[in-house]
1. Considering only region 3-12, I want to know if a residue exists there that is assigned to a loop (DSSP other than H, G, I, E, B), more than 27 Å from THR209 (Cα to Cα), open to solvent by 50 Å² or more (accessible area, probe 1.4 Å) and at pLDDT 90 or above.
2. Return yes when SER376 is within 30 Å of LYS86 (Cβ to Cβ), of a type in the set (Ser, Thr, Tyr), surrounded by fewer than 17 Cβ atoms within 10 Å (Cβ to Cβ) and at pLDDT 95 or above and no when it is not.
3. Which one is modelled with the lowest pLDDT among residues in region 379-404 that are touching a helix residue (DSSP H, G or I) at 6+ places or on another chain (Cβ under 6 Å) and open to solvent by less than 70 Å² (accessible area, probe 1.4 Å)?
4. Could you list, in sequence order, the residues of region 203-245 that are of a type in the set (A, V, I, L, M), open to solvent by less than 50 Å² (accessible area, probe 1.4 Å) and farther than 30 Å from THR173 by Cβ?
5. Being hydrophobic (A, V, I, L, M, F, W, C) and in a helix (DSSP H, G or I) is the filter here, so list the residues in region 350-400 that pass it.
6. Considering region 163-183 alone, what residues qualify as being open to solvent by 20 Å² or more (accessible area, probe 1.4 Å) and in contact with a Phe, Trp or Tyr (Cβ under 9 Å, 6 or more places away or on another chain)?
7. For region 277-301: of the residues being touching a residue at least 60 places away in the same chain (Cβ under 8 Å) and closer than 21 Å to VAL234 by Cα, which is most open to solvent (accessible area, probe 1.4 Å)?
8. Quick one: in region 246-276, of everything that is in a loop (DSSP other than H, G, I, E, B) and within 16 Å of the chain's Cα centre (by Cα), which residue is surrounded by the fewest Cβ atoms within 10 Å (Cβ to Cβ)?
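The values are calculated or read from the model by the stated rules, or taken from the named source; none is laboratory data. Being a predicted model, the structure only gives us computed values, none of them experimental. Cβ placement follows ideal geometry from the backbone for every residue including glycine, while neighbour counts extend to all protein chains displayed. All accessible areas refer to the heavy atoms of the entire protein, side chains included, with ligands and DNA or RNA removed. Shrake-Rupley method; radii C 1.70, N 1.55, O 1.52, S 1.80 Å.
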Amino acid sequence: MAEHYRRAPHRDHHESVYKRSREPSDDHNPHKRHGAAVTLATHRQMYERNFPLYKQPVEVGCFSLDSHRNFFNDHRQMRYYVQPRKRPEFNLRDGYTDRFIKRDDGVKERLDHLLKWILANRDQIQNRDKTSSSSRVLGVDFVTWRGHLTKVLTTPYETHEGWLLAASKFGGTIYISEVETEAARTDRESRSERQEEMMYWGYKFEQYTCADDVDGTPDPGGVVNTNEAFCTVVQTRLADHKLLFSGEVDCRVTDADAPPAPACYVELKTSAEICTPKQRSNFHRYKLLKWWAQSFLPGVPQIVAGLRDHDGVVVSMETIQTSKISQLIKKEFNCWKPTVCMNFCSDFLSFVKSVVEEDDPRLVYLFAWDPHRDVSYTVHRDSQYNFIPEWYVKELRSPSSSQH
């Protein structure tokens with residue numbers, strides 16, 4: 001995986017990707033005009049530059065969420081991967097009607113769990129950045145969820161789903177939290193029973209392949225509770241953006257000699273079995289894009305896929321190395337490119353930095369994107385979009401917060 005985390009020559013490219021949505025004034029630098037209506041282009045051709053610097057992600061901590069979504073500053077929810085046989089015949093429908101507790105996805109938790117982790121581990125974050133300027137309390141440019149960055153990475157190739165990302169600057173750091181779009185809310189509230197069940201299949205696959213203890217065995221007869229989660233927290237740098245983000249981790253390998261996290265983690269996926277070259281091509285073009293982005297960002301090296309039939313029975317297994325995905329897709333004509341994804345993400349973060357100037361947790365800059373459009377933004381004070389809670393602001397401003 002390390003070959004992808006490398007430096008590329010710097011280029012000054014902002015003129016090509018930033019665009020005013022009204023006639024420009026005599027000041028042609030959008031970075032310096034706080035009130036300017038500026039948009040960010042998403043045309044993939046603009047981002048076909050050298051791969052940007054992306055430092056090897058380092059795990060700085062982890063946390064767990066229990067069966068009631070209670071936060072714990074530890075790894076109690078960590079699970080261990082148990083390799084199944086090649087044709088496991090797992091029935092992913094088992095337990096859906098009688099052993100399934102589903103998290104209420106209508107409840108929007110925003111960044112709250114990650115913010116609790118920050119308060120409990122503030123010293124660790126600050127000690128990692130001895131050279132940070134005093135203007136940044138945490139010594140990082142951005143705090144967010146891995147899933148939000150995944151959406152940004154895949155934007156140049158996304159043709160169906162738009163997004164809304166709220167950004168606020170506090171203590172010199174920009175926090176980014178997703179806002180549910182109207183289209184996403186409509187989709188969520190109108191899912192068919194089949195769609196709901198298929199969402200369960202992924203969690204059931206995890207139950208078949210994960211043990212609670214390093215020497216344990218999976219318990220497919222137990223309850224699937226999607227409130228439970230184990231999350232890694234990593235720090236890294238993309239170009240000149242210092243990032244702190246968290247993402248859910250499915251499991252880790254049991255090998256005692258495995259490298260330290262996140263290099264010991266495994267991402268588990270399910271997908272329809274691949275029977276034809278056309279299906280293989282579509283798998284490379286669409287599914288692997290999101291799988292790659294999701295695992296590459298936090299440095300998860302391995303994806304294990306359970307390939308299932310129409311009835312939800314896993315008929316075969318496939319292990320994919322995250323670092324080999326770029327080679328897998330090279331045979332596809334006009335396919336997605338990792339470099340485009342990473343350059344767009346870097347430029348998006350530069351765009352956000354140029355826009356989000358005022359340090360005020362009650363001020364939200366709402367970035368909006370729809371397929372085939374540019375990224376635009378609006379500004380909101382004391383609105384429904386506020387997402388940095390008062391308890392976090394108060395605690396982080398308190399000198400005693402490091403004793404939390």
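1. Restricting attention to region 3-12, the residues satisfying the condition of being assigned to a loop (DSSP other than H, G, I, E, B) are 5-12.
Okay, now just the ones that are also more than 27 Å from THR209 (Cα to Cα), so 5-12.
Of the ones still in play, those that are also open to solvent by 50 Å² or more (accessible area, probe 1.4 Å) are 6-7, 9-12.
Narrowing further to those that are at pLDDT 90 or above: none.
Scanning region 3-12, I find no residue that is assigned to a loop (DSSP other than H, G, I, E, B), more than 27 Å from THR209 (Cα to Cα), open to solvent by 50 Å² or more (accessible area, probe 1.4 Å) and at pLDDT 90 or above, so the answer is no.
2. Details: within 30 Å of LYS86 (Cβ to Cβ): no; of a type in the set (Ser, Thr, Tyr): yes; surrounded by fewer than 17 Cβ atoms within 10 Å (Cβ to Cβ): yes; at pLDDT 95 or above: yes.
It is false that SER376 is within 30 Å of LYS86 (Cβ to Cβ), of a type in the set (Ser, Thr, Tyr), surrounded by fewer than 17 Cβ atoms within 10 Å (Cβ to Cβ) and at pLDDT 95 or above.
3. Step one: list which residues in region 379-404 are touching a helix residue (DSSP H, G or I) at 6+ places or on another chain (Cβ under 6 Å), which gives 392, 395, 401-402, 404.
From the residues that got through so far, the ones that are open to solvent by less than 70 Å² (accessible area, probe 1.4 Å) too are 392, 395, 401-402.
Values: TYR392: 98, GLU395: 97, SER401: 48, SER402: 45.
For region 379-404, the residue satisfying everything is SER402.
4. Within region 203-245, the first condition is being of a type in the set (A, V, I, L, M), and the residues that meet it are 211, 214, 223-224, 229, 233-234, 238-239, 243-244.
With the extra rule that they be open to solvent by less than 50 Å² (accessible area, probe 1.4 Å), the set shrinks to 211, 224, 229, 233-234, 238-239, 243-244.
The answer is ALA211, VAL224.
5. Filtering region 350-400 for residues hydrophobic (A, V, I, L, M, F, W, C) gives 351-352, 355-356, 363-364, 366-369, 375, 379, 387-388, 391, 393, 396.
Hits for region 350-400 are PHE351, VAL352, VAL355, TRP391, VAL393, LEU396.
6. Those that are open to solvent by 20 Å² or more (accessible area, probe 1.4 Å) and in contact with a Phe, Trp or Tyr (Cβ under 9 Å, 6 or more places away or on another chain): LEU164, LYS169, GLU178, VAL179, THR181.
7. Step one: list which residues in region 277-301 are touching a residue at least 60 places away in the same chain (Cβ under 8 Å), which gives 289-290, 293-294, 296-299, 301.
This time we only want the ones that are closer than 21 Å to VAL234 by Cα, so: 290, 293-294, 296-299, 301.
On the way: LYS290: 87, ALA293: 0, GLN294: 41, PHE296: 2, LEU297: 3, PRO298: 6, GLY299: 2, PRO301: 32 Å².
Filtering region 277-301 for residues that are touching a residue at least 60 places away in the same chain (Cβ under 8 Å) and closer than 21 Å to VAL234 by Cα, the one most open to solvent (accessible area, probe 1.4 Å) comes out as LYS290.
8. Residues of region 246-276 that are in a loop (DSSP other than H, G, I, E, B), as a first pass: 249-250, 253-264, 273-276.
Restricting the remaining residues to those that are within 16 Å of the chain's Cα centre (by Cα) gives 249-250, 262.
Details: VAL249: 26, ASP250: 22, PRO262: 24.
Across region 246-276, the extreme among qualifying residues is ASP250.
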